[in-house]
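Notes follow the structure.
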Amino acid sequence: MMAKRVLKPATVQAKGSYSPGWEVSGGRAVFVAGQIPWDENGNTVCKGDVAGQTRQVFANIGAVLAEAGGSLDDVVKITVFAADIRYRDEINRVRTETFKEPYPASTQVAVASLVDPEWLVEIEAVAFIED
């Protein structure tokens with residue numbers, strides 16, 4: 001039997017669409033590599049539109065998890081790499097469209113650049129899927 005419990009200590013503040021931590025037991029861990037805004041043909045989508053690219057990235061993460069028998073509901077941690085910190089609000093808006101409370105634990109960083117200059121966001125995830 002799998003158990004997931006969100007960790008929200010009173011001494012740690014979390015503002016926004018993330019949880020401070022998760023405790024998990026049982027089940028299977030799935031580590032999703034950084035996903036990029038590519039469609040099924042390997043083409044960059046929504047050039048110049050970080051919200052559209054973020055939706056595609058989450059769809060790609062969902063597809064990887066489906067291959068393992070899971071879904072985005074199983075995600076307990078994401079790491080967001082943004083090409084510009086000014087994209088933070090748009091990325092967060094899409095994240096709240098994608099996940100429901102309790103939200104995954106999250107780290108979001110702005111990087112000097114991603115591999116392809118057309119990519120505005122890359123996201124990796126960790127999920128725990130019940131056996």
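Observations, loosely collected:
- All positions within region 1-28 that are in a loop (DSSP other than H, G, I, E, B), touching a strand residue (DSSP E or B) at 6+ places or on another chain (Cβ under 7 Å) and over 30 Å from residue 116 (Cβ atoms): 2, 8, 20, 26, 27
- Count - residues of region 15-25 that are under 16 Å from residue 99 (Cα atoms) and either loosely packed, with under 11 Cβ neighbours inside 10 Å or free of Cβ contacts under 8 Å to residues at least 24 places away in the same chain (or both): 1
- Contact annotation: residue pairs with Cβ atoms under 8 Å, 6 or more positions apart or on different chains, pairing a residue in region 41-56 that is in contact (Cβ under 8 Å) with a residue 60 or more places away in the chain with a partner that is of a type in the set (Asp, Glu) and surrounded by fewer than 17 Cβ atoms within 10 Å (Cβ to Cβ), are 44/116; 44/118; 47/118.
- Selection count where residues are under 19 Å from residue 36 (Cβ atoms) and either touching a helix residue (DSSP H, G or I) at 6+ places or on another chain (Cβ under 8 Å) or crowded, with 19+ Cβ neighbours inside 10 Å (or both), scope region 105-117: 3
- Residue 126 vs. criteria hydrophobic (A, V, I, L, M, F, W, C) and either closer than 13 Å to residue 34 by Cα or touching a strand residue (DSSP E or B) at 6+ places or on another chain (Cβ under 6 Å) (or both): yes
- Residue among 31, 81 that is over 21 Å from residue 118 (Cβ atoms) and either part of a strand (DSSP E or B) or charged (D, E, K, R) (or both): 31
- The residues of region 84-98 that are surrounded by fewer than 18 Cβ atoms within 10 Å (Cβ to Cβ) and in a helix (DSSP H, G or I), listed by number, are 85, 86, 88, 89, 92, 93, 96, 97.
- Enumeration of residues in region 118-131 that are outside any loop (DSSP other than H, G, I, E, B), of a type in the set (A, V, I, L, M) and buried (at least 20 other Cβ atoms within 10 Å of the Cβ): 121, 123, 125, 127
- Where a residue in region 87-106 is touching a residue at least 60 places away in the same chain (Cβ under 8 Å) and its partner, wherever it lies, is of a type in the set (A, V, I, L, M) and part of a helix (DSSP H, G or I), with Cβ under 8 Å and at least six apart: 99/72
- Among the residues making up region 26-53, those that are touching a Pro at 6+ places or on another chain (Cβ under 8 Å) and under 18 Å from residue 99 (Cα atoms) are 52, 53.
Each reported figure results from applying straightforward, stated rules to the coordinates on display, with no laboratory input. These numbers come from a predicted model, not from an experiment. No Cβ is skipped: glycine too gets one built from the backbone with ideal geometry, and neighbour counts run over all protein chains shown.
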